[in-house]
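A.B. asks: Dropping the structure in here first, questions after.
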Amino acid sequence: MPTIVNCPTCKNQVEWKTENQFRPFCSKRCQLIDLGEWAEENHKISQPMQSNEPLNEEMLDALEDEFLQHNKFFVEPE
Ligand SMILES: [Zn+2]
């Protein structure tokens, strides 16, 4: 029986398996959206007048880099 979790971003069911590097998210997109919301919270504290522009590709790339740097625990040892 596979372990099924709900994607925190879109609530889709996600199979929890080693091949899914974005778990518990269903996709890279959902993972980055979740991180983006987290980063946005920080922005509200330090820079209250930030614009409300949606995430663009450049921002997603930057967030991905930051995420990977700070979340090495996401990589499970084989
Ligand atoms: Zn999702």
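A.B. asks: For N6, what residues show an amide H to amide H distance below 5 Å, using hydrogens built from the backbone and excluding near sequence neighbours?
C.D. replies: Answer set, sorted by chain and number: V14.
A.B. asks: Can you tell me the FRET efficiency between N12 and H70 if r is taken as the Cβ-Cβ distance and R0 is 25 Å, rounded to the nearest 0.05?
C.D. replies: After rounding, the FRET efficiency stands at 0.50.
Taken together, the values in this text are just the output of simple stated rules run on the coordinates, not laboratory data. Note that the coordinates shown come from a computational prediction; the quantities given were computed from them, not determined experimentally. Neighbour counts run over all protein chains shown; Cβ positions are idealised from the backbone, glycine included.
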